[in-house]
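Novice: Pasting a structure here, questions to come.
The values are calculated or read from the model by the stated rules, or taken from the named source; none is laboratory data. Remember, predicted model here, so these are calculated numbers, not experimental data. Neighbour counts are summed over all protein chains in view; Cβ atoms, including those assigned to glycine, are modelled from backbone coordinates with ideal geometry.
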Amino acid sequence: MRDTTILAIESSCDETAAAVVQNGRTVLSNVISSQIALHTLYGGVVPELASRKHIEKINQVIGEALREAERDLDEIDAVAVTYGPGLVGALLVGVAEAKAIAYARKLPLIGVHHIEGHISANYIENPDLEPPFLCLVVSGGHTHLVMVKEYGGFEILGRTADDAAGEAFDKVARAIGLGYPGGPKIDRAAREGNPDAVFFPRARIEGHPYDFSFSGVKSAVLNYLNSERMKGREICQADIAASFQKSVVEVLVDHTMQAAEQTGSKRIAIAGGVASNTCLRQAMEEACAERHYAFYRPSPVYCTDNAAMIGTAAYYEYLKGTRHGWDLNAVPNLRLGQRV
């Protein structure tokens, strides 16, 4: 069977990324230009600045990805791009670039859902992993429990009712003075802290056992900080980080294990930026080992936003015959499983 080589582009938030992926599982290149230093000055992502930086970097990143893969555009079979969800201005940069390359080279154009990309990151390093399996998706904008029924076929079992896990990490990190980006900084600080120093609530939504809610634990941290400051007590960043992290991780793991038991799934995966959190990875691995479940997780570089995962997802869409026209547009609130 002839190899299929896909050029993939990702620009949904604050990383400008391009990758060349062969047959869905072999990453020939994966180039990421991060904007973290820029947005750290403002304590979070500034959408307009992100869009401008994507425009500045995208040609450079694509060129580097092709050079690293030792491929030119004549050796590319299709162009893939994230078209949602995400920041509309950022998405538009990637979509416009992908359409231009595909049109000029007469190549198929494949729009990819960002979350489908995150889930597909698990295929890169796990050649034995195939659907069906259960996947916990945890990122700055999403917290989903997803049954992956087939390549590109999903059933959402649970989702967050308010803040996503990554969003809660960012807000709590800011509140305790760690700054942006919150997830990695809380992860590092928590290693020096006592996870049992303060008990923060674990929310459950009645009648929706697989859904999540993180606004309560975020508020509990803020209330605790205010109370301690009013009493003139010193606050230990590491203890608060560890205690907060434990409360979030326990909910994520408990919900996932409950869903696995109810669905009978014995293969569990995690995906998204928060999937690189060391406490979550360890807790999920231990929970799966206790129950004799197979556990899959991408390397940290494939957890955060990257184009290799988009190229992997696109390969299976390509095999199914998915093609998009020149009217492909950015869809900032695109739902998983929605076709546009």
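Novice: Sort through LEU145, LEU134, LEU129 and tell me the only one that's in contact with a helix residue (DSSP H, G or I) (Cβ under 7 Å, 6 or more places away or on another chain), part of a loop (DSSP other than H, G, I, E, B), under 14 Å from ALA269 (Cα atoms) and touching a residue at least 12 places away in the same chain (Cβ under 8 Å).
Specialist: Within the list LEU145, LEU134, LEU129, the selection yields LEU129.
Novice: Give the number of residues within segment 301-340 that are more than 15 Å from the chain's Cα centre (by Cα) and assigned to a helix (DSSP H, G or I).
Specialist: Here the count works out to 7.
Novice: Residue under question is ILE235, and the condition is that it be outside any helix (DSSP H, G or I), surrounded by fewer than 21 Cβ atoms within 10 Å (Cβ to Cβ) and touching a Lys or Arg at 6+ places or on another chain (Cβ under 9 Å); does it hold?
Specialist: yes
Novice: Which of the residues belonging to segment 206-223 are farther than 19 Å from GLY179 by Cβ and either of a type in the set (Gly, Ala, Ser) or surrounded by 14 or more Cβ atoms within 10 Å (Cβ to Cβ) (or both)?
Specialist: If the condition is that a residue be farther than 19 Å from GLY179 by Cβ and either of a type in the set (Gly, Ala, Ser) or surrounded by 14 or more Cβ atoms within 10 Å (Cβ to Cβ) (or both), then GLY207, PRO209, TYR210, ASP211, PHE212, SER213, PHE214, SER215, GLY216, VAL217, SER219, ALA220 are the ones that fit.
Novice: Is it the case, given these coordinates, that GLU75 is on the phi > 0 side of the Ramachandran plot and among the acidic types (Asp, Glu)?
Specialist: Considered against the rule, which asks whether it is on the phi > 0 side of the Ramachandran plot and among the acidic types (Asp, Glu), GLU75 comes out as no.
Novice: Would segment 229-245 turn up any residue that is modelled with pLDDT of 95 or more, under 20 Å from the mean Cα position of the chain (by Cα) and more than 19 Å from LEU129 (Cβ to Cβ)?
Specialist: Scanning segment 229-245 turns up at least one residue that is modelled with pLDDT of 95 or more, under 20 Å from the mean Cα position of the chain (by Cα) and more than 19 Å from LEU129 (Cβ to Cβ).
Novice: Which ones in segment 138-167 are touching a Leu at 6+ places or on another chain (Cβ under 8 Å) and either farther than 19 Å from VAL45 by Cβ or not assigned by TED's automatic domain parsing to the domain that holds ILE205 (or both)?
Specialist: Listed by number, the residues that qualify are HIS144, LEU145, VAL146, MET147, VAL148, TYR151, PHE154, ILE156, LEU157, GLY158, ARG159.
Novice: When ARG188 is evaluated against the numbered criteria (1) surrounded by 14 or more Cβ atoms within 10 Å (Cβ to Cβ); (2) part of a helix (DSSP H, G or I), which criterion, by number, is the only one it fails?
Specialist: ARG188 satisfies all of (1) surrounded by 14 or more Cβ atoms within 10 Å (Cβ to Cβ); (2) part of a helix (DSSP H, G or I) except (1).
Novice: Please name all residue pairs, on different chains or six or more residues apart, with Cβ atoms under 7 Å, provided the first residue is in segment 311-324 and is more than 25 Å from ILE32 (Cβ to Cβ) and the second residue is assigned to a helix (DSSP H, G or I).
Specialist: That search, which allows pairs on different chains as well, returns nothing.
Novice: Quick one: in segment 56-67, of everything that is surrounded by fewer than 17 Cβ atoms within 10 Å (Cβ to Cβ) and within 24 Å of the chain's Cα centre (by Cα), which residue is farthest from GLN22 (Cα to Cα)?
Specialist: Filtering segment 56-67 for residues that are surrounded by fewer than 17 Cβ atoms within 10 Å (Cβ to Cβ) and within 24 Å of the chain's Cα centre (by Cα), the one farthest from GLN22 (Cα to Cα) comes out as GLU56.
Novice: Looking only at segment 137-166, count how many residues are among the aliphatic types (A, V, I, L, M) and within 10 Å of the chain's Cα centre (by Cα). Walk me through how you get there before you give the answer.
Specialist: So the first thing to find is which residues in segment 137-166 are among the aliphatic types (A, V, I, L, M), and the list is 137-138, 145-148, 156-157, 161, 164-165.
Subset that is within 10 Å of the chain's Cα centre (by Cα): 137-138.
Result for segment 137-166: 2.
Novice: Answer with yes or no whether VAL79 is assigned to a strand (DSSP E or B) and not acidic (Asp, Glu).
Specialist: yes
Novice: Which residue out of GLY183, GLY166, GLY216 is without any contact (Cβ under 8 Å) to a residue 40 or more places away in the chain and within 23 Å of THR143 (Cα to Cα)?
Specialist: Exactly one of GLY183, GLY166, GLY216 is without any contact (Cβ under 8 Å) to a residue 40 or more places away in the chain and within 23 Å of THR143 (Cα to Cα), namely GLY216.
Novice: Within the bounds of segment 83-97, is there any residue that is in contact (Cβ under 8 Å) with a residue 40 or more places away in the chain, in contact with a Leu (Cβ under 9 Å, 6 or more places away or on another chain) and assigned to a strand (DSSP E or B)?
Specialist: So far as segment 83-97 goes, yes, one or more of its residues are in contact (Cβ under 8 Å) with a residue 40 or more places away in the chain, in contact with a Leu (Cβ under 9 Å, 6 or more places away or on another chain) and assigned to a strand (DSSP E or B).
Novice: Which of the residues spanning segment 187-204 are touching a residue at least 60 places away in the same chain (Cβ under 8 Å) and among the hydrophobic types (A, V, I, L, M, F, W, C)?
Specialist: Hit for segment 187-204 is ALA190, nothing else.
Novice: Looking at segment 288-331 only, could you name the residues that are charged (D, E, K, R) and within 18 Å of GLY94 (Cβ to Cβ)?
Specialist: Of the residues in segment 288-331, the ones charged (D, E, K, R) are 290-291, 297, 305, 317, 320, 323, 327.
Those that are charged (D, E, K, R) and within 18 Å of GLY94 (Cβ to Cβ): ASP305, GLU317, ARG323, ASP327.
Novice: From ARG174, ARG229, ARG267, ARG233, which residue is among the basic types (Lys, Arg) and within 22 Å of GLU286 (Cα to Cα)? First the steps, then the outcome.
Specialist: Numbers: ARG174 fails: within 22 Å of GLU286 (Cα to Cα); ARG229 fails: within 22 Å of GLU286 (Cα to Cα); ARG233 fails: within 22 Å of GLU286 (Cα to Cα).
Every option except ARG267 fails the conditions.
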